[in-house]
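Below: the structure, in structure tokens.
Each value in this text was obtained by applying a stated rule to the coordinates, not by laboratory testing. None of the values given here were measured: they were computed from a predicted structure. Because the Cβ atoms are built from the backbone with ideal geometry, glycine has one as well, and the counts that use them run over all protein chains shown.
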Amino acid sequence: LAADNLYKRELFRLPDPFVVLTVDGAQTQTTKALKRTLSPYWNETFKVQVKPTSVITAQVFDQRKFKKRGQGFLGVINVQVSQHLNVQTGGEGKCSGAERSDLKNSNNSDPVQGRLALQFSVAAEQASPQ
């Protein structure tokens, strides 16, 4: 995960960004917050289960503003897994993909800018011998 050119909401302070990853609205993982940067790079790995119809949502927030309702949001991307990976590998091999998208706004009118890069791979689960 990496972002660049995040929106600077305050004149004298850079954000402390972190990402909340959600798969199909249920599985949630969170990165660590990185201090005072508009171009964070999170060197973190998460394991989640996906289906061909899964959507990975990555929301970027400013940690210092996160607790104030609606003030910490820096942008969101939604990744449709089926557009990048063949998750039906038949138990063999590993597939990978990447998404680099402009951050979008959610339902509020706060300005949003920047891009988020998400790299991912799918490893087929091996059936256990019976």
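Values as computed for the structure displayed
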| quantity | calculated |
| --- | --- |
| FRET efficiency, 1/(1 + (r/R0)^6) with R0 30 Å, evaluated for Arg115 and Phe46 via beta carbons | 0.90 |
| Contour excess over end-to-end distance, with Cα ends at Phe12 and Ala26 and 0.36 nm allotted per residue | 1.4 nm |
| Length gained when the stretch Thr57-Gln83 is fully extended (0.36 nm per residue, less Cα-Cα span) | 7.9 nm |
| Listed peptides 73-83, 46-56, 102-112, 8-18 by packing density, highest first (mean Cβ within 10 Å) | 73-83, 8-18, 46-56, 102-112 |
